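Chemist: I have a structure I would like to understand better, so I am pasting it below and will then ask my questions one at a time.
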Amino acid sequence: MCKLVKCELLKLKSMLGVILAFLFPLILVAMGLLNVYNGTVKLSGVNEMWNAIYVQSSSLYGGILFPVFLSALISLQWRVEFKNNSINNLLITDKSHKDIYLSKLFTTFIIATVNILLYIIIIFVSVKVLLPKESVKAFIFYAPVVGLLFSLPLICLQHLLSMNFKNFALPLIVGIVLSFPNFVISCYGFSKFIPYSYICKGMFFNVKNSLNVQCESYIFIITALLFILLIFAGTKLFKNKEFH
């Protein structure tokens with residue numbers, strides 16, 4: 001499995017699109033932080049500037065940018081495989097179909113984890129530089145991690161889509177269309193039926209905000225069940241699928 005993951009990372013290493021997709025969300029989040037600090041964006045109901053910075057950045061990052069980043073990353077992963085039928089060359093090796101498929105998901109999660117860690121660092125450094133007198137809130141460290149864990153259903157769904165469509169643009173468009181309304185959808189109760197909104201909800205776990213975004217405890221259970229179900233479905237479909 002480790003060799004497969006290393007191979008996946010090497011495939012993406014030389015792709016400029018991955019680098020841009022990786023940095024673009026973080027750049028926009030940094031811009032959002034400056035907007036709040038400069039007073040360009042004001043959030044009602046938030047008493048502390050520290051909270052305002054986190055709410056502004058997380059609503060943008062967790063609600064739109066991070067889901068879109070994952071969708072783009074996964075589409076690029078499968079584009080590499082479909083190009084010149086590389087997937088068929090991979091399938092004739094002695095590696096099991098299950099391990100090959102899981103290595104792709106694990107690679108996505110590794111890159112997503114690094115992205116979230118960079119996001120936490122950006123928030124932490126920004127607050128310490130812009131607001132040196134304010135104390136650091138604990139949720140800056142655990143809420144983004146919850147959002148990361150809640151991204152697992154989205155990752156599995158996007159891999160299922162990308163695996164079944166050679167045109168990498170189609171799964172990407174689906175991911176973008178389902179991600180953009182998340183900022184609004186996450187404020188409503190029916191968002192529990194939309195896995196693409198879980199990331200935004202997770203980013204606000206135990207975080208007071210005026211946006212009415214809540215992360216109910218049962219979302220943890222739903223995420224775990226969906227993840228197990230989608231992993232089973234994905235490995236089963238990948239094993240029986242014929243790539244042309």
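The values are calculated or read from the model by the stated rules, or taken from the named source; none is laboratory data. No experiment lies behind these values; they were computed from the predicted model shown. Please note: Cβ atoms are built from the backbone with ideal geometry, for glycine as well, and neighbour counts cover all protein chains shown.
Chemist: Can you find a residue in the range 203-221 that is under 26 Å from residue 76 (Cβ atoms) and either surrounded by 15 or more Cβ atoms within 10 Å (Cβ to Cβ) or β-branched (Val, Ile, Thr) (or both)? Steps first, answer last, please.
Modeler: Pass one, the range 203-221, residues under 26 Å from residue 76 (Cβ atoms): 203.
Right, trim to either surrounded by 15 or more Cβ atoms within 10 Å (Cβ to Cβ) or β-branched (Val, Ile, Thr) (or both) and you get 203.
Within the range 203-221 (the criterion being under 26 Å from residue 76 (Cβ atoms) and either surrounded by 15 or more Cβ atoms within 10 Å (Cβ to Cβ) or β-branched (Val, Ile, Thr) (or both)), the answer is yes, since at least one residue qualifies.
Chemist: If I filter the range 90-104 for residues that are part of a helix (DSSP H, G or I), out of contact with any strand residue (DSSP E or B) (no Cβ under 7 Å at 6 or more places or on another chain) and within 20 Å of residue 209 (Cα to Cα), do I get at least one hit? Break it down into steps so the answer makes sense when it comes.
Modeler: Going residue by residue through the range 90-104, those that are part of a helix (DSSP H, G or I) are 90-91, 97-104.
Next, only the ones that are out of contact with any strand residue (DSSP E or B) (no Cβ under 7 Å at 6 or more places or on another chain) stay: 90-91, 97-104.
Add one more test, that the residue is within 20 Å of residue 209 (Cα to Cα), and what stays is none.
Looking through the range 90-104, none of the residues is part of a helix (DSSP H, G or I), out of contact with any strand residue (DSSP E or B) (no Cβ under 7 Å at 6 or more places or on another chain) and within 20 Å of residue 209 (Cα to Cα).
Chemist: Of the residues in the range 183-196, how many are surrounded by 20 or more Cβ atoms within 10 Å (Cβ to Cβ) and either in contact (Cβ under 8 Å) with a residue 60 or more places away in the chain or assigned to a loop (DSSP other than H, G, I, E, B) (or both)?
Modeler: 2
Chemist: Out of the helices (runs of 4 or more DSSP H) lying entirely within the range 1-77, which hold 1 or more residues that are under 22 Å from residue 139 (Cβ atoms) and at pLDDT below 65?
Modeler: Values: elements: 2-13, 16-38, 49-60.
Once the helices (runs of 4 or more DSSP H) in the range 1-77 are filtered for at least 1 residues that are under 22 Å from residue 139 (Cβ atoms) and at pLDDT below 65, what remains is 16-38.
Chemist: Here's another thing I want to ask about it. Which of the numbered conditions does residue 134 fail, given that it passes all the others? Conditions: (1) assigned to a helix (DSSP H, G or I); (2) touching a residue at least 12 places away in the same chain (Cβ under 8 Å); (3) under 21 Å from residue 206 (Cβ atoms).
Modeler: (1)
Chemist: Pull out all pairs, ordered by first then second residue, where Cβ-Cβ is under 7 Å, the residues are six or more apart or on different chains, the first lies in the range 114-128 and is without any contact (Cβ under 8 Å) to a residue 24 or more places away in the chain, and the second is of a type outside the set (Ser, Thr, Tyr) and buried (at least 21 other Cβ atoms within 10 Å of the Cβ).
Modeler: none
Chemist: Being modelled with pLDDT of 85 or more and surrounded by fewer than 20 Cβ atoms within 10 Å (Cβ to Cβ) is the filter here; which residues of the range 163-179 pass it? Break it down into steps so the answer makes sense when it comes.
Modeler: Filtering the range 163-179 for residues modelled with pLDDT of 85 or more gives 163-165, 169-179.
Within the range 163-179, 164, 165, 169, 170, 173, 174, 176, 177 meet the criteria.
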